[in-house]
1. Which pairs do you get when a residue that is more than 19 Å from B:ALA124 (Cα to Cα), found in the stretch B:35-51, comes within reach of a residue that is small (Gly, Ala, Ser), reach meaning Cβ atoms under 8 angstrom, with the pair 6+ apart or on two chains?
2. Would you tally the residues in the stretch B:63-99 being hydrophobic (A, V, I, L, M, F, W, C), surrounded by 20 or more Cβ atoms within 10 Å (Cβ to Cβ) and out of contact with any His (no Cβ under 9 Å at 6 or more places or on another chain)?
3. I'd like to know if the stretch A:315-325 contains one or more residues that are in contact (Cβ under 8 Å) with a residue 60 or more places away in the chain, farther than 30 Å from B:SER49 by Cβ and over 30 Å from the mean Cα position of the chain (by Cα).
4. Can you name every residue in the stretch A:19-56 that is β-branched (Val, Ile, Thr) and in a helix (DSSP H, G or I)?
5. Checking the condition under 14 Å from A:HIS190 (Cα atoms) and of a type in the set (A, V, I, L, M), which residue from A:LEU126, A:LEU163, A:LEU153 passes?
6. Just need a number here: residues in the stretch A:300-345 that are over 25 Å from B:ASN93 (Cα atoms), away from chain B (no Cβ under 14 Å) and not hydrophobic (A, V, I, L, M, F, W, C).
7. For A:SER82, are the conditions met, namely being more than 18 Å from A:LEU136 (Cα to Cα), small (Gly, Ala, Ser), in contact with a helix residue (DSSP H, G or I) (Cβ under 6 Å, 6 or more places away or on another chain) and in contact (Cβ under 8 Å) with a residue 40 or more places away in the chain?
8. Here are some conditions: (1) over 11 Å from the mean Cα position of the chain (by Cα); (2) within 10 Å of chain A (Cβ to nearest Cβ); (3) surrounded by fewer than 24 Cβ atoms within 10 Å (Cβ to Cβ). B:ARG37 meets all but one. Which one does it not meet?
Amino acid sequence: MTTYVEAIQKSLVLPLEKVANKVFTQKYNPLYYHGALPNLFLWALFLTGLLLLVYYQATLSTAYASMKYITYQAPFGNAIRSIHRYAADGMMIFVLIHLFRVWFTDRYREYRIIPWISGIVLFTVLFLVGLTGYMLIWDQDAVALTNVTINLLRSFPVIGTGLAGFMLATDLSGSSLITDYTITRMLVLHLGIPLLMMFLLWWHYLRITRPVTDAPLALVLMMVGGLLLVAGAAPVVLGDMAPPDFAVVAKSIHLDGLYAWPQQLALAGWNMGVIWLMVLAVPVGLFVLPYLQKKALRGQFARVVADNCTGCSLCYNDCPYEAITMVDRNDGSRFKRLATVNPEHCANCGLCVGACAFKAIDIPRCESKDVLAEIEAALAGQSLASA
Amino acid sequence: MMATETLSVNAAPPAEALPPIRLIGLVCERSVELEDRLNADGRLLDDPSVKIILVPCSGIIQPLMMETSLKNGAQGCFATGCRIGDCHYREGNKFLQERLLGQRMPKLKPTVDKRRIEAYWLSAVEYDEFRELIESFQSTVSSIPAS
């Protein structure tokens, strides 16, 4: 019985990795650092964002002028802005690779439910950070994006007007859409949510003993080099200034496909309700996904043989899911501590069995004594024949 | 001498067509896909002198299991895990690699003949590569002079 996940893994994911292994070698295959690379782009975004903040002015009357200064006059301004923009796309691309890879290698459910759920939240807030970033540019495209976003927010049933007022400081009476506080609110979201992401990343790593948070130096240099190449080959430009009443003609608008696709659909005349359903379907669908598959390991977890455990901590150190704790024992044993398995965290993988030199821990589906017995049985009676 | 010869002639003729087991392979069930390539005894169909034991993750393999294989008369013992960097359970293959290299407890005994121990890191779709590696391991172990 093959699940759709296995079918996609064997027909698409693994052949793709085989090619990547030939190009990059196994040690520097970017697909093996799919979780660490979004972090790299996050650091690039923090650094360049800090530099952009030096010159950016978050007011209605001066935002466009300050962006013009950054883009065309400030030393390295264009380079910094270009890197910031392309790093945002790079982050989203690698987050998508991360998402699809853990999905299609079946690494997203049961004992991995906490990284999966926190990942959905991180994915959603990343979307908001990118969106507010594009609005802050405040050229004609950005103003159009803001208008469409406000309309989308207002179209949300019941809380729509309040939501638009809270997120982008629109006038609650509905007379004016963009107010003096709109850009300030965008900047607060654009800077505040990344701070929240630091907390969310802690949640993301909670059940993982040694998360791979950084890619090896060679891969980092390769990615940074790629980022600089793209930024140099296609430096960002600033669009025309929006008219004073912020009524931008929709025809000439170019939006980023990764972050602003709902707004693009809205500009193309799609029904707002349909767009909202599509937007909400992403996190809700991802949330439901792990529960659609039958549990593989129900009720199975590693078991400690208390009489054999010496309290040496090797299994505790090696467990990749923080499923083992060392507890003090007072059962008359001459050893001071006993390994104890938390069934909720246990992946039933057997790494603790490989770490144990005292036959003190086993997983039910593959007991070490059975493996040893199978080896002995297979070779029984022929030890001389092979010499 | 005469007695043993007579015995081998009399023992069930068709079943004994299989060669003796020379290699023991401890293979992660998520690395190179062997499920349909084994006979009922767990021998590799393409090379019946290789006995395969499937395990959930290469991280479960204790160096003791490989030592036991050699002690019981296997010419060589290999472990196969997923590509390093791609362990389904995050770190199993890396830990086994370190154990075999003597960098992580419990280590492979230093007295074990390292020529007879191998480890391969392959994904589920890399059976051809697996066959090549096994063949070269076969010729390596058969060229070691008996001590």
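The values are calculated or read from the model by the stated rules, or taken from the named source; none is laboratory data. Treat the numbers as computed from the prediction; the structure is a model and nothing was measured. Cβ placement follows ideal geometry from the backbone for every residue including glycine, while neighbour counts extend to all protein chains displayed.
1. So the pair list comes out as B:ASP41/A:ALA378.
2. From the stretch B:63-99, those hydrophobic (A, V, I, L, M, F, W, C) are B:64-66, B:70, B:74, B:77-79, B:82, B:84, B:87, B:95-96; that's our starting set.
When the remaining residues are screened for being surrounded by 20 or more Cβ atoms within 10 Å (Cβ to Cβ), the result is B:65-66, B:74, B:77-79, B:82, B:87, B:95-96.
Keeping just the survivors that are out of contact with any His (no Cβ under 9 Å at 6 or more places or on another chain) gives B:65-66, B:74, B:77-79, B:87, B:95-96.
The qualifying residues number 9.
3. no
4. Scanning the stretch A:19-56 gives A:VAL19, A:VAL23, A:THR48, A:VAL54.
5. Values: A:LEU163 fails: under 14 Å from A:HIS190 (Cα atoms); A:LEU153 fails: under 14 Å from A:HIS190 (Cα atoms).
None of the other options fit; the residue is A:LEU126.
6. 10
7. No: the conditions fail for A:SER82.
8. (2)
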